[in-house]
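Below: the structure, in structure tokens.
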């Protein structure tokens, strides 16, 4: 079973180093600990940042905060049946 809170924490840790506001996914890459290969895992869910970018619609940029960005990512993952 996927622990949404665990994924949220992993994503916040990975994306919080970006300089907000962010206007595209490319603004996040320098902040990622392992670049696009940074992975997020919980239960049966596992995706890299690159896979997230490919799977998701792209979001509602710009984002003013890490919380707003991560909340949208998780909502879309849930809506698409990934978590």
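Before moving on, here are some points about what is shown:
- Values of log10 I(q)/I(0), in the order q = 0.20 Å⁻¹, for the chain under a Debye, Cα-only, solvent-free model: -0.86
- Computed from label points 7 Å out along Cα-Cβ, the spacing between residue 79 and residue 45 is 1.5 nm.
- Secondary-structure-derived ellipticity at 222 nm for the chain, considering helices only, amounts to -12000 deg cm²/dmol, per-run term -39500 (n - 2.57) for DSSP H runs with n ≥ 4.
- One decimal place: the segment residue 34-residue 64 gains 8.5 nm when fully extended, by the rule 0.36 nm per residue minus the C-alpha distance.
- Rounded tilt (10° steps) of 66-79 against the dominant C-alpha axis of the chain: 40 degrees
- Working from Cα pairs under 8 Å separated by at least six residues, relative contact order for the chain is 35 percent.
- Counting only alpha carbon atoms, the long axis of helix 4-15 and the longest principal axis of the chain meet at about 30°.
- Here region 35-73 is scanned for amide nitrogen atoms under 11 Å from the site 7 Å beyond the Cα of residue 16 along Cα-to-Cβ, giving 66-67.
A short reminder: the numbers here are calculations on the coordinates, not readings from a lab. Please read these numbers as outputs of a predicted model, since none were measured by experiment. Using ideal geometry, Cβ is built from the backbone for each residue, glycine included, and neighbour counts are taken over all protein chains shown.
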